[in-house]
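The values are calculated or read from the model by the stated rules, or taken from the named source; none is laboratory data. This structure is a prediction, so every number in the text was calculated from the model and none was measured. Note that each Cβ is placed from the backbone with ideal geometry, even for glycine, and that neighbours are counted across all protein chains shown. Just the protein is used for accessible areas: all its heavy atoms, side chains included, with ligands, DNA and RNA removed. Shrake-Rupley method; radii C 1.70, N 1.55, O 1.52, S 1.80 Å.
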Amino acid sequence: MGTNFVKLIRGNCLDGLKRMSDASIDLVVTSPPYNINLKSRNNYTTNYFDNIPESTYRENIKAVLAELSRITKDRGSVWINMKSRWMNSSQETVSATQGSLEPPTWILEYTRGSLHLKNLVIWNYDINSDTQNNKFHPRYEFLFFFVKDPKEYNFNIDRIRIPNKTGDKRNNPLGANPSDVWYIPLVKGNSKERSLHPAQFPETMVERIIASCSNEGDVVLDPFFGSGTTLKVAIANKRNAIGFEIEPNYVQNARERLAAVIKSNDLTCNLIIEES
Ligand SMILES: C[S@@+](CC[C@H](N)C(=O)[O-])C[C@H]1O[C@@H](n2cnc3c(N)ncnc32)[C@H](O)[C@@H]1O
């Protein structure tokens, strides 16, 4: 295998995605902004507003999904992480005490006919900031696993099997299918992999997706890369990677993380920085 690349593009992903060629990406792994006014909850400067009108937010997601569908190869897949929010009757994000729970299944309105949902994986984790005892503590998010072609797509279960729970002789000797409920702890403040981003993907989760849905030499895209975890796992596993991020601090942080992984793993990988 020759030299790989990882390209970090600073700017609005929608502008950049529009310039990408049809069928040029093997796998997309991403988590769009949540529109929960995240900026007011931490001190990170941001170049985007996480409290825009819900209709504008959904139009943005719709436009991104249309581009992702166009640029994904026929055998490729698109993984989107989203979570439920609490909303009031005017469709504004509010606190859990004020609103009703709105799961993100509305995105299916925008994928019908272009992307096919194969799994709605439940990512179950260990903690949550919502600790009120007037309801059950919310401890999951969704991973939408879409494919371009519902019959023919890259998927290798044998790379991601987990140990069998019993010694039953009917068990697959290679291990069990991990199912569509994944328990993976959140990246916490004291985690070894923690960077400055408040919503970082756990590396083990991205590893499972990249191992099952792509091959060495493929191109993996994250249009909202944040900490750059998707890109890091991609290049550590000999894939190429392209990502967009609007916030310069995060681009700089990801650049340092990626340079470090290239060095420590002795990867033959070109690190490219561009403006969108
Ligand atoms: C939920 S976070 C993604 C976190 C990421 N999965 C990780 O592992 O760190 C969403 C990111 O999208 C970025 N963002 C928001 N709007 C954007 C846009 N239009 N284009 C590119 N990036 C954007 C935000 O700055 C934020 O870092």
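Pairs are defined by a Cβ separation below 8 Å, a sequence spacing of at least 6 or placement on different chains, a first member in the stretch 141-160 that is within 13 Å of Trp79 (Cβ to Cβ), and a second member that is part of a loop (DSSP other than H, G, I, E, B) and of a type in the set (Lys, Arg); the pairs so defined are Glu141/Lys83; Phe142/Lys83.
Condition check ((1) within 17 Å of the chain's Cα centre (by Cα); (2) at negative phi; (3) in a loop (DSSP other than H, G, I, E, B); (4) within 16 Å of the ligand (Cβ to nearest atom)) across all residues:
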position: Phe136; (1), (2), (3), (4): no, yes, yes, no
position: Pro150; (1), (2), (3), (4): no, yes, yes, no
position: Asn164; (1), (2), (3), (4): no, yes, yes, no
position: Gly167; (1), (2), (3), (4): no, yes, yes, no
position: Trp182; (1), (2), (3), (4): yes, yes, no, yes
position: Asn190; (1), (2), (3), (4): no, yes, yes, no
position: His197; (1), (2), (3), (4): yes, yes, yes, yes
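Taking the stretch 234-259 as the range and being open to solvent by less than 40 Å² (accessible area, probe 1.4 Å), aliphatic (A, V, I, L, M) and not in a helix (DSSP H, G or I) as the test, the residues that pass are Ala241, Ile242.
One residue is enough: does the stretch 38-50 have a residue meeting the conditions closer than 26 Å to Ser214 by Cα and either outside any helix (DSSP H, G or I) or modelled with pLDDT of 95 or more (or both)? No, there is no match, as no residue in the stretch 38-50 is closer than 26 Å to Ser214 by Cα and either outside any helix (DSSP H, G or I) or modelled with pLDDT of 95 or more (or both). In the stretch 113-138, the qualifying residues are those that are of a type in the set (D, E, K, R) and modelled with pLDDT under 95, and the one that is most open to solvent (accessible area, probe 1.4 Å) is Lys135. Applying the criterion of being among the hydroxyl-bearing types (Ser, Thr, Tyr) and in a loop (DSSP other than H, G, I, E, B) to the residues of the stretch 97-115, the residue that is farthest from Ser84 (Cα to Cα) is Ser114. When residues in the stretch 215-246 are screened for being within 20 Å of Asp15 (Cβ to Cβ) and more than 14 Å from the ligand (Cβ to nearest atom), 1 of them pass.
Whether a residue is open to solvent by 20 Å² or more (accessible area, probe 1.4 Å) and closer than 16 Å to Val251 by Cα was assessed, and Ala199 passes this test. Taken over the stretch 207-235, the criterion of being out of contact with any Phe, Trp or Tyr (no Cβ under 9 Å at 6 or more places or on another chain) and farther than 16 Å from Ile272 by Cα is satisfied by Glu207, Ile210, Ala211, Ser214, Asn215, Glu216, Gly217, Asp218. Considered as a group, the residues in the stretch 139-158 that are of a type in the set (Lys, Arg) and farther than 20 Å from Val181 by Cβ include one that is most open to solvent (accessible area, probe 1.4 Å), and that residue is Lys151.
Report, by residue number, each residue of the stretch 209-218 that is under 14 Å from Ile235 (Cα atoms) and either in a helix (DSSP H, G or I) or more than 15 Å from the chain's Cα centre (by Cα) (or both). Those that are under 14 Å from Ile235 (Cα atoms) and either in a helix (DSSP H, G or I) or more than 15 Å from the chain's Cα centre (by Cα) (or both): Ile209, Ile210, Ala211, Asn215, Glu216, Gly217, Asp218.
For the stretch 260-273, residues that are surrounded by fewer than 13 Cβ atoms within 10 Å (Cβ to Cβ) and either part of a helix (DSSP H, G or I) or within 16 Å of the ligand (Cβ to nearest atom) (or both) total 3.
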